[in-house]
Amino acid sequence: MSHAPQNGPVLEIRRFSFRLRQREILRKVSLEVRRGEYLSIVGPNGAGKTTLLKCVDRIYRGGEGQIRVFGRPLETYSQKELARRISYVPQADGRVFPFTVEQFVLMGRYAHLSPFTSIRRHDRDLVRDILARTGTAEFARRRLDTLSGGERQKVYIAAALAQEADVLLLDEPTTFLDYRHQAEIRELLGDANRQRGVTIVAVTHDVNAAALESHRVVALRDGAVVFCGPPPELMRADALEQIYGTSLLLTGHPTAGLPVIVPRTSGGRGP
């Protein structure tokens, strides 16, 4: 991964706290995301990772502290203005929408249309280009419910890219996918970040992927930031133990020049 761009922040979160059903989920979270950066958010279950993304995309409203998007307070954006700045791909939950792939990706253009205009030729051409780039053109006319989980995930990302927002928020983009589809999704995101300049903020449980793909990593635990830094600083036994509360086994990656986490054995392979 190349060095992150040093432009000003596109997202600024300052001492932000959020409660859900009387339970404090986020506690005085502060972080910045720079233009063109690939930032991963990791941490144990229940750390507040998904909640943070939903607060940034205003799915959850309220909270204490401040979130600024391109220098403006989040609450000053209209929904359409925010959709031109931020797109969001939620964690897969099994729900499938009754649309063809092309119809669904075209919906990503809503932020650029007025209520009284129809889909333009420009929008259709852009969507066809995105379908080709994301490897989803071959099933453009198929319904979403006929696709595999990996194929659907690529379509959801294609729809987010069709939105042409500056920042892409992703919640566990490769969860439940086989190795081939994981690799395809990571290549797709890497291309969007490096070649298209899309700023990416991705929540993931895969610490190895976060370290290998990201410019920086933020770790949450119990709703608070407990780590923020580059991957080499994350992939140390003491840093990981502070985040996860348990010791993890590390070994050198054969090509990346970084340690990666490997599973511990139970002491033997016999019956």
Search result, residues across the range 70-93 that are without any contact (Cβ under 8 Å) to a residue 60 or more places away in the chain and closer than 25 Å to Arg109 by Cβ: Arg72, Leu74, Thr76, Tyr77, Ser78, Gln79, Lys80, Glu81, Leu82, Asp93
Candidate set from the range 223-258 (those that are under 21 Å from Lys28 (Cβ atoms) and of a type in the set (Gly, Ala, Ser)); member that is farthest from the chain's Cα centre (by Cα): Gly245
Subset tally (residues that are surrounded by fewer than 19 Cβ atoms within 10 Å (Cβ to Cβ) and assigned to a loop (DSSP other than H, G, I, E, B)) for the range 194-205: 4
Residue, nearest to Gln79 (Cα to Cα), within the range 95-147, restricted to residues that are at pLDDT below 90 and of a type in the set (Ser, Thr, Tyr): Tyr110
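Could you please give the count of residues in the range 62-83 that are among the acidic types (Asp, Glu) and either closer than 28 Å to Thr175 by Cα or part of a strand (DSSP E or B) (or both)? It would help to see each step written out before you state the result.
Let us first name the residues in the range 62-83 that are among the acidic types (Asp, Glu), namely 64, 75, 81.
The next check asks that each one be either closer than 28 Å to Thr175 by Cα or part of a strand (DSSP E or B) (or both); those that pass are 64.
Residues flagged as among the acidic types (Asp, Glu) and either closer than 28 Å to Thr175 by Cα or part of a strand (DSSP E or B) (or both) within the range 62-83 amount to 1.
Listed here are the residues, each with its yes/no results for (1) closer than 18 Å to Arg84 by Cα; (2) in a strand (DSSP E or B); (3) touching a residue at least 12 places away in the same chain (Cβ under 8 Å).
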residue	(1), (2), (3)
Glu12	yes, yes, yes
Arg15	no, yes, yes
Ile25	no, yes, yes
Lys28	no, yes, yes
Ser40	no, yes, yes
Thr50	no, no, yes
Tyr60	no, no, yes
Restricting the range 207-229 to residues that are surrounded by fewer than 20 Cβ atoms within 10 Å (Cβ to Cβ), of a type outside the set (Val, Ile, Thr) and in contact with a strand residue (DSSP E or B) (Cβ under 6 Å, 6 or more places away or on another chain), the residue that is nearest to Leu52 (Cα to Cα): Ala224
Residues being over 15 Å from Ile13 (Cβ atoms), touching a Lys or Arg at 6+ places or on another chain (Cβ under 9 Å) and either at pLDDT below 95 or not charged (D, E, K, R) (or both) - total across the range 214-227: 2
Out of Leu147, Leu131, sole residue that is surrounded by 20 or more Cβ atoms within 10 Å (Cβ to Cβ) and out of contact with any strand residue (DSSP E or B) (no Cβ under 8 Å at 6 or more places or on another chain): Leu131
Residue in the range 84-101 that is in a loop (DSSP other than H, G, I, E, B) and among the acidic types (Asp, Glu) present: yes
Qualifying residue in the range 157-170 (condition: assigned to a helix (DSSP H, G or I) and surrounded by fewer than 16 Cβ atoms within 10 Å (Cβ to Cβ)): no
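The values are calculated or read from the model by the stated rules, or taken from the named source; none is laboratory data. What you are looking at is a predicted structure, and each value in this text was computed from that prediction instead of being measured. Cβ coordinates were reconstructed from backbone atoms using ideal geometry, including for glycine residues, and neighbour counts include every protein chain displayed.
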